[in-house]
1. So between His48 and Val61, what do we pick up on full extension, going 0.36 nm a residue minus the alpha carbon distance?
2. Apply the Karplus curve 6.51 cos²θ - 1.76 cosθ + 1.60, θ = phi - 60°, to the phi angles in the range 58-74 and return the couplings in whole Hz, x for Gly and Pro.
3. Arranged from highest to lowest average of other beta-carbon atoms within 10 Å per residue, in what order do the peptides 64-74, 4-14 appear?
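Read-outs: derived from the displayed coordinates by stated rules, not from any lab. This structure is a prediction, so every number in the text was calculated from the model and none was measured. Every residue, glycine among them, receives a Cβ derived from its backbone with ideal geometry; neighbour counts consider all protein chains shown.
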Amino acid sequence: MRTYRKESWLTLICFLLIMLFGGILSVFFVLGKDLFFGAAPAFAARSHVIGFPTHYFLLLVLGWFGVTAVGAVYALYMDRLEKEIERGGEA
């Protein structure tokens with residue numbers, strides 16, 4: 001029973017992290033670009049990372065790569081929990 005409880009808590013935590021990285025936190029880099037990088041009408045990105053303006057690069061890193069990293073860790077840990085459940089033991 002403790003293994004199922006761990007699985008439920010981990011699912012909730014990973015869902016919240018993915019929502020934070022993919023949806024909420026990354027939006028601030030696009031909406032807040034005026035605050036951090038200059039006014040929008042005459043906006044010209046002063047700094048670039050890998051050819052992208054910095055605010056787009058941060059959106060990419062925190063959005064897609066953050067979600068991918070959290071998903072990979074989630075999948076690996078869930079495999080371990082499933083093996084524990086199959087053995088019939090308590091984790």
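1. Fully extending the segment from His48 to Val61 adds 3.3 nm.
2. Result, rounded to whole Hz: 5, 4, 5, 5, 6, x, 5, 5, x, 5, 5, 5, 5, x, 5, 5, 4.
3. My ranking of the peptides, most packed first, is 64-74, 4-14.
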